[in-house]
Amino acid sequence: DRRVNDTLRYAACLAALGKVSGAIAAAKEVMVAPDSQCAPILPAVLYEIVPAGQGKGKDSELADLLTLAQKCHERTTVDGKSDAGKMFRLAKSYHLRKAEEKVAQLRAGGIVRV
């Protein structure tokens, strides 16, 4: 869990510093995490890494990264009896829909906040 979260935070910092290729590479490292550790990937990519890196010449690559993050989100497993697991399940389709909208915007070249 720490490796995933810390790597995603590092990737967001890189994107904010304009090192978008490095941010994408770092974020891709966690895409192989076990299904039980994938929950933070899509929110971090969608709400932190992509906004920090958008408009810096790598929007197509960010769209690809976001697509990978969606796949991770779809395969995420949670404890459906825990409060966190229940909240994840309730928000899952919302985040996937927002990610799909952002992918379309990135591919179209538009900068729209999510």
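A few comments on the model shown:
- Taking the criterion of being among the small types (Gly, Ala, Ser) and farther than 17 Å from HIS73 by Cα, the residues of the range 1-29 that qualify are ALA11, ALA12, ALA15, ALA16, GLY18, SER21, GLY22, ALA23, ALA25, ALA26.
This table checks each residue for (1) more than 10 Å from the chain's Cα centre (by Cα); (2) modelled with pLDDT of 95 or more.
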| site | (1), (2) |
| --- | --- |
| VAL32 | yes, yes |
| ASP59 | yes, yes |
| CYS72 | no, yes |
| THR76 | yes, yes |
| LEU90 | yes, yes |
| HIS95 | no, yes |
| ARG113 | yes, no |
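- Criterion (touching a helix residue (DSSP H, G or I) at 6+ places or on another chain (Cβ under 6 Å) and open to solvent by 20 Å² or more (accessible area, probe 1.4 Å)) met by exactly one of ARG75, ARG2: ARG75
The values are calculated or read from the model by the stated rules, or taken from the named source; none is laboratory data. Since we're looking at a predicted model, the values are computed, not measured. A quick note on method: Cβ atoms are made from the backbone with ideal geometry, for glycine too, and the neighbour counts reach across all protein chains shown. Just the protein is used for accessible areas: all its heavy atoms, side chains included, with ligands, DNA and RNA removed. Shrake-Rupley method; radii C 1.70, N 1.55, O 1.52, S 1.80 Å.
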